[in-house]
Amino acid sequence: MRIPRPRPPRLGARLAAALIALLPLAGCGDGPVETLLTDYQRRLAERLDLPAPERTAPENIGDFPGSDARLFEIPETREGLLDVFALRGCHIANLVAARNNQLGKVALPSQRWLYELALWRRLSGCWNTEVPETLGDGDRARLERLTRLKTEQLPRASWNALFASDEWLDSFSRASSPLPPDALHEVNAQLPALTYLREATLHQFDRAWSADSSTLEGHLKTLRDRPLTAELLRALMLAERRLTESSRLLETALIDGRCPAATARLPRPPEPWLDGLSQAARRWFTAIQRLFEAHKVTPRPAVEGYRQRWLSLETPGAPWPALQAARLSHHALRAELARRCR
């Protein structure tokens, strides 16, 4: 019986990450988000009779922690064939054989978790039957030890299954662009995947809940459809940067005593899109936080650090709170200019 070690990232994924790290401006060109925000900057500068601000690129999103920093070490469990055969009343031999065959050794992380879940259910279910009474002292002790061990390991196995999966890692891909304004609905398309993964985690010790491989793989495939977490982060960061630059125009106008012409009202920021982006990102990051919290393990320090720096709705400087602060500051400056220029 072996608990598989996580596979190292694929060579292609490692190479892509290295290249992206060297290209921090990737994905931040004149796409639809950039066009929307710079058009507002241009019109605002014209109304204030100021040059358009010099644009600067946001920093790249953080690199998701490597496997050694995000996954839990789960020692392999080894039992001899005769020892497994002695527990034949628990019906685990076929599971162990499937895990140890060629396909089992290269199984996807999600399938490895399903194996661990099935093994725990059979062992723990067997322990609560009359089978232990039919075993010798050594085999009964072995069954008890294995049941306890698998009970302790299952939460770490489910964590590893998610955090070792390509589908989950792809959601944080640095090879991404800001989420386009017409794609905010993609949050609704992918939220059921996070909901299912959370429910699966919460109910893995619930025998009334049934794990379904095709449903699990289907939701993971949904996450792979686009790197939604990264796209939202990039859109938030780009919006914050352009609004901050626009606020400097207002600050300059206030310092210089400039007022727009009486017949030229200030253009409005793209508020409907900013509202939609903020709401979509809040829903998505809230769902991710709830998925994190569903795992009954203490996250590895590097993962917790990433979570606070990039995914938090409260940590100052994280992309979502930073955009909200930039919006409040920009509105306050507009209001002050309007008051002075009455």
query: Can you spot a residue in the stretch 4-16 that is in contact with a Ser or Thr (Cβ under 6 Å, 6 or more places away or on another chain) and either part of a helix (DSSP H, G or I) or at pLDDT below 50 (or both)?
result: yes
message: So for the stretch 182-200 (the condition being in the same structural domain as Pro321 (by TED's automatic domain parsing), of a type outside the set (Val, Ile, Thr), surrounded by 21 or more Cβ atoms within 10 Å (Cβ to Cβ) and assigned to a loop (DSSP other than H, G, I, E, B)), does at least one residue qualify?
response: no
- request: Looking only at the stretch 54-62, decide whether some residue is at pLDDT 90 or above, of a type in the set (Lys, Arg) and either closer than 30 Å to Arg265 by Cα or surrounded by fewer than 16 Cβ atoms within 10 Å (Cβ to Cβ) (or both).
  value: yes
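Would you say Arg207 is in a loop (DSSP other than H, G, I, E, B) and exposed (fewer than 15 other Cβ atoms within 10 Å of the Cβ)?
Yes.
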task: Scan the stretch 237-250 and give yes if some residue there is under 30 Å from Arg47 (Cα atoms) and under 18 Å from the mean Cα position of the chain (by Cα), otherwise no.
output: yes
- line: Those residues of the stretch 284-342 which are assigned to a helix (DSSP H, G or I) and β-branched (Val, Ile, Thr) amount to Thr286, Ile288, Val303
- prompt: Arg248: outside the structural domain of Leu36 (by TED's automatic domain parsing), among the basic types (Lys, Arg) and surrounded by fewer than 22 Cβ atoms within 10 Å (Cβ to Cβ), yes or no?
  reply: no
statement: Note on the stretch 260-301: residues more than 23 Å from Arg334 (Cα to Cα) and among the aromatic types (Phe, Trp, Tyr) are Trp284, Phe285, Phe292
Close pairs (6 angstrom Cβ cut-off, 6 or more residues apart or separate chains): surrounded by 14 or more Cβ atoms within 10 Å (Cβ to Cβ) in the stretch 313-342, at pLDDT below 95 and not in a helix (DSSP H, G or I) anywhere: Cys341/Cys259
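The values are calculated or read from the model by the stated rules, or taken from the named source; none is laboratory data. Owing to the predicted nature of the structure, the values given are computational and were not obtained by experimental measurement. Methodologically, a virtual Cβ is constructed for each residue, glycine included, from the backbone with ideal geometry; neighbour enumeration extends over all protein chains shown.
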